[in-house]
């Protein structure tokens, strides 16, 4: 399996989990006010963690596929809007051809807003940067929802694993 195929499958899992969590959060007693919840005062609120999870996938698609996507940096104000953005990202992901990505050892360069710059191989970019970034914000989303009392557990975080479940031996 190519690094690109693996990265796309991972992004699909991330967005699927995010959609599942946001769907469950829609029924929370705090309603849309839950979108303002934070893990800690110096961390971003739930709505930003959701937006950043989506953005990390889209940034990865942009850098690797040179798609010229423009990110929506506006605040997410409802769970319905969050799910709509997730659905749009999932559609872009599904339409992505891993064959158009650079070779695994081709160089990818990027700059961060704080002035740091990086250069690495394409497979390293996926493995060491964009996938961990997406999972960081997904885990932050999960943590906020747990802290706020949403009834979720590990199966909600790795629900995609159920496709591999086997029936117990008799």
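The values are calculated or read from the model by the stated rules, or taken from the named source; none is laboratory data. Everything numeric in this text was worked out from a predicted model, so none of it was measured. Glycine also receives a Cβ, built like all others from the backbone with ideal geometry; neighbour counts cover every protein chain displayed.
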How many residues of the range 137-170 are touching a residue at least 40 places away in the same chain (Cβ under 8 Å), farther than 23 Å from residue 36 by Cβ and part of a helix (DSSP H, G or I)? The answer is 2
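Across the range 108-123, what is the number of residues that are free of Cβ contacts under 8 Å to residues at least 12 places away in the same chain and either touching a strand residue (DSSP E or B) at 6+ places or on another chain (Cβ under 7 Å) or outside any loop (DSSP other than H, G, I, E, B) (or both)?
4
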Evaluation of residue 63 against (1) out of contact with any strand residue (DSSP E or B) (no Cβ under 9 Å at 6 or more places or on another chain); (2) assigned to a helix (DSSP H, G or I) (one fails), failing number: (1)
Filter the range 1-28 for residues that are without any contact (Cβ under 8 Å) to a residue 40 or more places away in the chain and over 18 Å from the mean Cα position of the chain (by Cα); the one that is farthest from residue 148 (Cα to Cα) is 1
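Results for (1) assigned to a helix (DSSP H, G or I); (2) touching a strand residue (DSSP E or B) at 6+ places or on another chain (Cβ under 6 Å), shown as yes or no for each residue.
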residue: 92; (1), (2): yes, no
residue: 102; (1), (2): no, no
residue: 105; (1), (2): no, yes
residue: 127; (1), (2): yes, no
residue: 135; (1), (2): yes, no
Would you say residue 105 is loosely packed, with under 15 Cβ neighbours inside 10 Å and in contact (Cβ under 8 Å) with a residue 12 or more places away in the chain? yes
From the option list 46, 58, 34, single residue qualifying as touching a residue at least 60 places away in the same chain (Cβ under 8 Å) and within 17 Å of the chain's Cα centre (by Cα) is 46
Any residue in the range 43-66 that is more than 18 Å from residue 134 (Cα to Cα), surrounded by fewer than 15 Cβ atoms within 10 Å (Cβ to Cβ) and modelled with pLDDT of 95 or more? no
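Condition first: buried (at least 16 other Cβ atoms within 10 Å of the Cβ), out of contact with any strand residue (DSSP E or B) (no Cβ under 7 Å at 6 or more places or on another chain) and not in a helix (DSSP H, G or I). Can you find one or more residues in the range 74-83 that meet it? Talk me through it step by step, then tell me what you get.
Going residue by residue through the range 74-83, those that are buried (at least 16 other Cβ atoms within 10 Å of the Cβ) are 76, 79, 81-83.
So of that shortlist, the ones also out of contact with any strand residue (DSSP E or B) (no Cβ under 7 Å at 6 or more places or on another chain) come out as 76, 79, 81-83.
Narrowing further to those that are not in a helix (DSSP H, G or I): 76.
Within the range 74-83, one or more residues are buried (at least 16 other Cβ atoms within 10 Å of the Cβ), out of contact with any strand residue (DSSP E or B) (no Cβ under 7 Å at 6 or more places or on another chain) and not in a helix (DSSP H, G or I).
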Consider residue 131 carefully, then state whether it is out of contact with any strand residue (DSSP E or B) (no Cβ under 6 Å at 6 or more places or on another chain) and modelled with pLDDT of 95 or more. yes
